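Heads up, the thing below is written out as structure tokens.
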Amino acid sequence: MEDLSIIILFLFVLFLLLGSGVWVGLALMGVAWVGMELFTTRPVGDTMLTVIWTASSSWTLTALPLFIWMGEILYRTRLSEDMFRGLAPWMARLPGGLVHTNIVGCTVFAAVSGSSAATLSTVGKMSIPELRKRDYPERMVIGTLAGAATLGLMIPPSLTLIVYGVTINESISKLFFAGIVPGIVLAAMFMAFVAITSRVSRGWAPKQDPVMSLSQKLANSRFLIPVLLLISVVIGSMYLGYATATEAAAFGVVGALILAISQGSLNWTTFTESLMGATRTSAMIALILAGAAFLSLSMGFTGLPRGLADLIASWDLSRFQLLMALLVFYIILGMFLDGISSVVLTMAVVEPMVREAGIDLIWFGIFVVVVVEMAQITPPIGFNLFVLQGMTGHGMGFIARSAFPMFLIMVAMVFVLIAFPDLATWLPDNIRQRPGG
């Protein structure tokens with residue numbers, strides 16, 4: 001009963017602060033402050049400063065602003081146009097045609113971005129006009145873009161995986177490699193849905209592009225070389241053990257700058273815009289992480305995380321039942337909070353439960369990311385839905401309905417992960433690890 005009253009108090013203060021428009025990071029600090037004042041005699045100010053400094057000075061966290069900056073630089077290049085020109089000839093003859101460029105384009109850009117919103121904006125600004133011009137079904141264009149853009153959260157370098165790794169003190173490199181195969185499998189499931197829909201839908205009658213010869217297709221593929229080289233440098237350097245996640249991020253920034261210079265799209269304005277965009281996003285995430293670290297400490301003084309873990313352990317749930325409960329929990333939470341906030345807010349309570357159940361924390365990171373991806377396309381706070389609303393002018397209801405099949409595919413992906421856990425664990429178990437990775 002005491003645990004329940006503490007939970008109610010924390011939730012009341014949290015939703016009061018969030019509802020009043022306070023930033024998420026500051027709201028978390030406010031809740032923690034109340035908890036510290038009520039449940040401990042330690043000086044709150046000194047404790048808060050110590051915890052925030054410790055949370056903010058992590059070397060591992062350095063990878064975060066670097067990967068964000070890399071994505072910001074690439075967002076301002078001609079990368080999306082080049083990707084469409086390189087991919088379109090190969091996608092046109094597949095069942096479903098050029099809609100597959102949404103999925104493959106998002107998968108490729110996710111491997112150099114780390115952000116779902118950046119992936120959506122970059123691929124969407126090129127593919128939406130091109131697909132509309134060819135009369136592809138609007139719902140399929142929007143739905144596949146909304147769903148595939150979430151791959152930016154899973155395929156490395158993923159900002160959410162960096163935050164998860166820092167929060168539970170796991171190797172960022174291993175988490176990155178854990179996301180590669182599930183990300184590709186999820187992209188393949190999206191493509192299979194498009195192929196099946198194109199065969200059974202009566203309204204599927206897009207205009208066909210002229211057939212290209214193999215030599216023409218190969219000639220167009222040269223536009224993909226720069227981004228594929230960048231992916232190889234970032235991910236290959238980590239896989240071969242030459243670089244940690246932070247060092248790979250630095251390589252990625254240098255590669256993105258070279259790519260932007262070679263395209264002629266880097267000038268002082270785009271350079272400063274990319275730098276300021278990365279600074280704003282990094283500062284927002286750092287504030288959330290600092291608030292979550294302070295809240296975790298405050299909750300620790302109450303004994304709430306351990307108490308909840310023990311309570312759930314006493315229910316004697318199987319691993320599958322626990323995962324199903326967490327699936328529902330994160331879907332509901334994701335309707336009201338963004339993905340990174342959901343992860344940092346809950347890990348203090350969820351991590352002990354997961355450890356108690358003997359669930360691999362690397363695998364669980366991918367499980368969480370898949371569920372957090374769903375939150376990107378679920379109303380009322382689904383961030384990808386807002387981005388698409390701004391890009392297309394459609395109402396939120398239309399966009400949410402278009403994205404709903406992708407949501408169901410992600411639910412199916414959760415069960416695939418549970419049935420085949422090696423999808424997420426085989427690659428990280430077989431990478432060459434360097435100290436500090």
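Any chance you could count how many residues in the stretch 290-346 are of a type in the set (Asp, Glu), in contact with a Phe, Trp or Tyr (Cβ under 7 Å, 6 or more places away or on another chain) and either farther than 28 Å from Val34 by Cβ or modelled with pLDDT of 80 or more (or both)?
Within the stretch 290-346, the first condition is being of a type in the set (Asp, Glu), and the residues that meet it are 310, 316, 338.
Narrowing further to those that are in contact with a Phe, Trp or Tyr (Cβ under 7 Å, 6 or more places away or on another chain): 338.
From what's left, either farther than 28 Å from Val34 by Cβ or modelled with pLDDT of 80 or more (or both): none.
Number of matching residues: 0.
When the residues of the stretch 359-408 are filtered to those that are touching a residue at least 60 places away in the same chain (Cβ under 8 Å) and open to solvent by 60 Å² or more (accessible area, probe 1.4 Å), the one that is nearest to Ala419 (Cα to Cα) is Asp360. Checking each residue in the stretch 42-95 for being open to solvent by less than 40 Å² (accessible area, probe 1.4 Å), under 30 Å from Pro210 (Cβ atoms) and not in a helix (DSSP H, G or I) picks out Thr77, Ala92. Within the stretch 16-23, one or more residues are surrounded by fewer than 18 Cβ atoms within 10 Å (Cβ to Cβ), touching a residue at least 40 places away in the same chain (Cβ under 8 Å) and either farther than 30 Å from Leu175 by Cα or under 21 Å from the mean Cα position of the chain (by Cα) (or both). The residues of the stretch 268-279 that are farther than 14 Å from Leu159 by Cα and either loosely packed, with under 12 Cβ neighbours inside 10 Å or not polar (S, T, N, Q) (or both), listed by number, are Trp268, Thr269, Phe271, Thr272, Glu273, Leu275, Met276, Gly277.
Being open to solvent by less than 10 Å² (accessible area, probe 1.4 Å) and under 18 Å from Phe329 (Cα atoms) is a property that does not hold for Val411. Applying the condition of being open to solvent by less than 10 Å² (accessible area, probe 1.4 Å) and over 19 Å from the mean Cα position of the chain (by Cα) to the stretch 280-294 and asking which residue is farthest from Leu14 (Cα to Cα) yields Ala290.
Residues that are surrounded by 19 or more Cβ atoms within 10 Å (Cβ to Cβ): which helices (runs of 4 or more DSSP H) entirely in the stretch 117-228 hold 2 or more of them? Result: 138-149, 159-168, 172-200.
The values are calculated or read from the model by the stated rules, or taken from the named source; none is laboratory data. None of the values given here were measured: they were computed from a predicted structure. Positions of Cβ are backbone-derived with ideal geometry, glycine not excepted, and every protein chain shown enters the neighbour counts. The accessibility values were calculated without ligands, DNA or RNA, using every heavy atom of the protein model including side chains. Shrake-Rupley method; radii C 1.70, N 1.55, O 1.52, S 1.80 Å.
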